[in-house]
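First the structure, in the form of structure tokens, and then the observations on it.
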Amino acid sequence: RRVENWARNIGISGVPSFIYVDNEKNFWVFVSGQGLFYYQSGSDSAVKVENQKFFATDREMTGFAECADGVVVVRSDGQLACVDRTSLMVKWNIGDIATGKTGEDYKDDFSLFVDRRQRIWVYAISGIWIYDLLSKNWVLQSPRQDNYNSLRALTEDSMGNIWMSRDQEGIEVIDGHGKSTHLVNIPGNERTLPDNTITALYEDEAGTMW
């Protein structure tokens, strides 16, 4: 069925531009120009998240993830905000990525990932940034000067290793001690990657990375 009909049935007008389903199977619905809504499965209607100054904007929300503080959202200008699950209010927001860029028209399609060490990975064509929630510091700020070999996918396996794939550069695997292993396609060797551009990463229940 049409998503706008579903949204209307739970009290949201307009067409959602981003829907995120969290680990508790609840919905976070963003409608451009109106704001962010939270819908708990089984309830009658959605609830609008507070601090609409951050969400009621012409900027799109491009990524969602979950951390110990709540649900983290990244805006198309690089602004980060964390919403408390209970109060549905913004607990904190960080504008350092946006501040580091020049021009009010700056935007990118940012993605988010939170690892087990509570580090927030923010990545896009324009670069990669890592914010440590425990120390409340950026541990990496690496904006790119070009669009070559941009990060395409990022995940963490059951052993705590970080897997990152880039255009034309294969996969980099970083263990918990920071040691890096590079996986690439070797022509004629079927036990290597099928291609050096990997666009998605997924670990199954057996611990096999696809």
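Looking at the structure I just gave you, is Gly207 assigned to a loop (DSSP other than H, G, I, E, B), at pLDDT 90 or above and on the phi > 0 side of the Ramachandran plot? Taking the combined requirement at face value, the residue satisfies it.
Taken over the stretch 2-32, the criterion of being part of a loop (DSSP other than H, G, I, E, B), over 24 Å from the mean Cα position of the chain (by Cα) and on the phi < 0 side of the Ramachandran plot is satisfied by Arg2, Ile10, Ser13. For the stretch 72-105, taking the residues that are of a type in the set (Ser, Thr, Tyr) and open to solvent by 20 Å² or more (accessible area, probe 1.4 Å), the one that is nearest to Val122 (Cα to Cα) is identified as Thr99.
Taken over the stretch 154-179, the criterion of being loosely packed, with under 11 Cβ neighbours inside 10 Å and modelled with pLDDT under 90 is satisfied by His177, Gly178. Screening Lys53 on (1) over 27 Å from Trp121 (Cα atoms); (2) open to solvent by 20 Å² or more (accessible area, probe 1.4 Å); (3) in a helix (DSSP H, G or I) shows it passes everything except condition (1). Taken as a whole, the structure places Lys136 among residues that are charged (D, E, K, R), on the phi > 0 side of the Ramachandran plot and open to solvent by 80 Å² or more (accessible area, probe 1.4 Å).
Taken as a whole, the stretch 133-148 holds at least one residue that is out of contact with any Gly (no Cβ under 9 Å at 6 or more places or on another chain) and touching a residue at least 24 places away in the same chain (Cβ under 8 Å).
Counting the residues of the stretch 10-26 that are open to solvent by less than 70 Å² (accessible area, probe 1.4 Å) and in contact (Cβ under 8 Å) with a residue 40 or more places away in the chain gives 4. Residues in the stretch 27-36 that are modelled with pLDDT of 95 or more and open to solvent by 10 Å² or more (accessible area, probe 1.4 Å): Phe27 alone. Going residue by residue through the stretch 195-204, is there one that turns out to be without any contact (Cβ under 8 Å) to a residue 40 or more places away in the chain, out of contact with any Lys or Arg (no Cβ under 6 Å at 6 or more places or on another chain) and open to solvent by less than 50 Å² (accessible area, probe 1.4 Å)? Within the stretch 195-204, one or more residues are without any contact (Cβ under 8 Å) to a residue 40 or more places away in the chain, out of contact with any Lys or Arg (no Cβ under 6 Å at 6 or more places or on another chain) and open to solvent by less than 50 Å² (accessible area, probe 1.4 Å). Comparison of Asp69, Asp58, Asp44 shows that the only residue that is touching a residue at least 60 places away in the same chain (Cβ under 8 Å), open to solvent by 30 Å² or more (accessible area, probe 1.4 Å) and of a type outside the set (A, V, I, L, M, F, W, C) is Asp69.
Taken over the stretch 79-129, the criterion of being outside any strand (DSSP E or B), among the aromatic types (Phe, Trp, Tyr) and within 18 Å of Tyr20 (Cα to Cα) is satisfied by Phe110 alone.
The values are calculated or read from the model by the stated rules, or taken from the named source; none is laboratory data. As the structure is a prediction and not an experimental result, all values here were calculated from the model. Neighbour counts are summed over all protein chains in view; Cβ atoms, including those assigned to glycine, are modelled from backbone coordinates with ideal geometry. These accessible areas exclude ligands, DNA and RNA; they are computed on the full protein's heavy atoms, side chains included. Shrake-Rupley method; radii C 1.70, N 1.55, O 1.52, S 1.80 Å.
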